[in-house]
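Below you'll find the structure, written out as structure tokens, and then a few comments.
The values are calculated or read from the model by the stated rules, or taken from the named source; none is laboratory data. What you see is a predicted model, and the numbers here were worked out from it, not measured in a lab. Every residue, glycine among them, receives a Cβ derived from its backbone with ideal geometry; neighbour counts consider all protein chains shown. Ligands, DNA and RNA are stripped out before the accessible areas are found, and what is left, the full protein with its side chains, is counted by its heavy atoms. Shrake-Rupley method; radii C 1.70, N 1.55, O 1.52, S 1.80 Å.
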Amino acid sequence: MRFPRGRRRLAIAVAALLATAAVAVIVHRVLAPAEVSTVARADYPAPARPAAGVIGRLPVAPLIVDGRLRVYAAHRQVYADRPVDGRYRTSPYWSYRRWPAELTGVVASGRTVVSRWSDGQLVALDARTGGVLWRADGPEPVESTVPVRRTWAATVWDAPGLQLTDLPDGRIVLVVTGDAQARGVELSGGRELWRVELPGQCRSDVGTSATGLLIGLDTCAGAATVEFRDVATGEVRERWRPPGAPDGFVVTPLGCRTGGSDCLGLRTAGPGDEGGRGWLLTAGSPVAAPALDPAGVALVGEQSVAVLDGVVVGRSAGTGTELWRSAGLDGARVLAGQPGRVHLLTEANDLVTLDPVTGRQLSRFALNVGSDGTGWAPGAVTAEDGFVAIERLRRPVDPTGDDRRYFYTGETVILAAT
């Protein structure tokens, strides 16, 4: 049976139209912006208190959240696993994905995990379930000049342009900065508190202070100046230069809770670490603290810890009074600090943990897992909730090498309890 020519043409046109519609539906499903939230189906785990020692190794950097979970970053995903002291990475406890935006940073406070995305979106997740608590717009992040390596350590341990700070009234403020704008967002519900314009790439973030200030380094007018901005209002409270400082200097935050958040002090230094000076952050201008002058010093609470002529020395950060000294640690270097603990790494890659007030040794063990050995160099590190996680790099370290050359093993992050 043959269709008349007119009907045949109509049938062909209808078929083509249906095919085009089907392709459009497929393209929309594949390319349309989307998010997938896979919430937890098990009970929220209890805090872990493992014995001091190496726990295991992981292929990606963990952010320890609430002492119960490990949160990780991926290209378009933030996800968690449990238990926090598990030897290996396990199946996700919860997961949150977005497309086509890319994940650029993760921070956490208590049971709130905040993710930042390349389109400027902020998405807060409940650590207990992975469910979305709130969403907010933020300034688009500055494109990083540092390559994001496969561990995603920079994304979760030192999220660029994403800091937290506690206010005296109990509120927690999330400060989000981009190339030309900064915003303050209340962590509890995502309400925007303020937004201000920034001058551009001639200003860079340093961190936030435990006294409620956003700290930036401004070189827009020539001589470098430290800017202190109130995180509750967004207003500049003070612009400060260290006495006698050169026109150009760098600022390193000290005594931070995690990443660049809630820092207790600063260290300023000129080119080549010339004239390094330490400062305590107070409600007013920074106060000189010579105990924080040495390169590599750690500020833990009210104590400074530094290695001086091969000896580990603890001092009062405020007065400079020597509190204790510890010798015989095999060329140790200060690795990281956290409340009640300061961590050092020896030449043999032993992790030594001391009480920063008394110098008493709390633990010491080799950072070795399985048959990996200790012939590696330390990379990025974090310390929180009694845990320490370290990237292990292949010696000699080649910053320009690809990930296989740069990292020591496939599961390059070693996790330890102290």
TODO: Please enumerate the residues belonging to the range 153-184 that are open to solvent by 50 Å² or more (accessible area, probe 1.4 Å) and at positive phi.
DONE: 170
Task: Of all residues in the range 241-284 being in contact (Cβ under 8 Å) with a residue 24 or more places away in the chain and at positive phi, the one that is surrounded by the fewest Cβ atoms within 10 Å (Cβ to Cβ) - done: 244
Task: Whichever residue in the range 113-132 is in a loop (DSSP other than H, G, I, E, B) and open to solvent by less than 10 Å² (accessible area, probe 1.4 Å) and, among such residues, is nearest to residue 94 (Cα to Cα) - done: 130
Task: Enumeration of residues in the range 309-327 that are at pLDDT below 95 and either among the hydrophobic types (A, V, I, L, M, F, W, C) or open to solvent by 60 Å² or more (accessible area, probe 1.4 Å) (or both) - done: 309, 327
Open item on the list: Within the range 341-385, take every residue that is without any contact (Cβ under 8 Å) to a residue 40 or more places away in the chain and on the phi > 0 side of the Ramachandran plot and give me the one that is surrounded by the fewest Cβ atoms within 10 Å (Cβ to Cβ).
Closed with: 373
- [ ] Please work out which residue is nearest to residue 255 (Cα to Cα), limiting yourself to the range 185-231 and to residues that are buried (at least 18 other Cβ atoms within 10 Å of the Cβ) and of a type in the set (Lys, Arg).
- [x] 229
- [ ] Return yes or no: is residue 51 open to solvent by less than 20 Å² (accessible area, probe 1.4 Å), over 16 Å from residue 127 (Cβ atoms), touching a residue at least 40 places away in the same chain (Cβ under 8 Å) and assigned to a loop (DSSP other than H, G, I, E, B)?
- [x] no
